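The values are calculated or read from the model by the stated rules, or taken from the named source; none is laboratory data. Note that the structure is a prediction, hence the values are computed from the model and not measured. Cβ: placed from backbone, ideal geometry, glycine included. Neighbour counts: every protein chain shown.
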Amino acid sequence: MECDIILASSSPRRIEMMKKIGIEPVIMPSDADETLPFEVSMEQAVMFLALKKALHVEKLYLKKQPRQPYSAVIIAADTIVYKEGMIGKPADEKEAEKTLKLLRNSSHFVATGVALVSPGSPKRSVFYDVTEVFFKDYSDDEIRNYITTDEPWDKAGSYAIQGAWGKYISHIKGNYDNVIGFPWERIKAELKSNWPEIAL
């Protein structure tokens, strides 16, 4: 049975990663409210938000494909940075500058939660991955030069490891793809285990 892979995101990074491995996902971004209703750990937060996104897209999918609810798997992900608290995407240049100053010459954690859901079915898998990222020292001028580019926006922690900011990262402990926001090897293992009908 052919099984569509639905990506609950319009993130260019996640789309590009899937296409690089030969998968052309159906793009159905979620606009679910990402407010956390209670105090949770970073691991609980990213799993909660990933599942919330997946369930929102499940409703959209079932409206469009009510007769074939089992012919797809939805992949949703959510990423945060953690240092002295949870850090999401910057609202403006001031917030991006503050975040990069906080992360300077130290380490922080990047957590990504992933939810895999079969529309119309109780079949689902929710998990997370965590990577520790170590930043070098850098100047205030280097921060200001960076935040004048387009790169920090729409990125948890105000940076992209795969972009120009990569030169300020000394090393990581854990999965590189997780820092980008899509721990593919873990996702692939879950798909192979629970969705064997998908050719990977």
Item to check | Hits in segment 69-87 - residues which are free of Cβ contacts under 8 Å to residues at least 40 places away in the same chain and either assigned to a strand (DSSP E or B) or surrounded by 15 or more Cβ atoms within 10 Å (Cβ to Cβ) (or both) | outcome: Lys83
Item to check | From Val133, Val126, residue being crowded, with 20+ Cβ neighbours inside 10 Å and aliphatic (A, V, I, L, M) | outcome: Val133
Checklist entry - Given the residues Ser121, Ser107, Ser158, which is the only one that is surrounded by 19 or more Cβ atoms within 10 Å (Cβ to Cβ) and in contact (Cβ under 8 Å) with a residue 24 or more places away in the chain? => result Ser158
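Yes or no, residue by residue, for (1) closer than 23 Å to Ile21 by Cα; (2) in a helix (DSSP H, G or I); (3) modelled with pLDDT under 95; (4) not aromatic (Phe, Trp, Tyr):
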position: Lys89; (1), (2), (3), (4): no, no, yes, yes
position: Val133; (1), (2), (3), (4): no, no, no, yes
position: Glu142; (1), (2), (3), (4): no, yes, no, yes
position: Asn145; (1), (2), (3), (4): no, yes, no, yes
position: Ile187; (1), (2), (3), (4): yes, yes, yes, yes
Checklist entry - Among all residue pairs at least 6 apart or on different chains, which show Cβ distances below 9 Å where the first residue, located in segment 170-188, is within 18 Å of Leu116 (Cα to Cα) and in contact (Cβ under 8 Å) with a residue 40 or more places away in the chain and the second is among the small types (Gly, Ala, Ser) and assigned to a helix (DSSP H, G or I)? => result Gly181/Ala156
Next on the checklist: For segment 5-41, give me each residue that is surrounded by 14 or more Cβ atoms within 10 Å (Cβ to Cβ), under 25 Å from Gly85 (Cβ atoms) and of a type in the set (Val, Ile, Thr).
Outcome noted: Val40
Checklist outcome for this item: Of (1) in contact with a Gly (Cβ under 7 Å, 6 or more places away or on another chain); (2) of a type in the set (Asp, Glu); (3) at pLDDT 95 or above, Glu151 fails just (3)
Checklist entry - When the residues of segment 42-64 are filtered to those that are surrounded by fewer than 16 Cβ atoms within 10 Å (Cβ to Cβ) and over 20 Å from Asn194 (Cβ atoms), which remaining residue is modelled with the highest pLDDT? => result Gln44
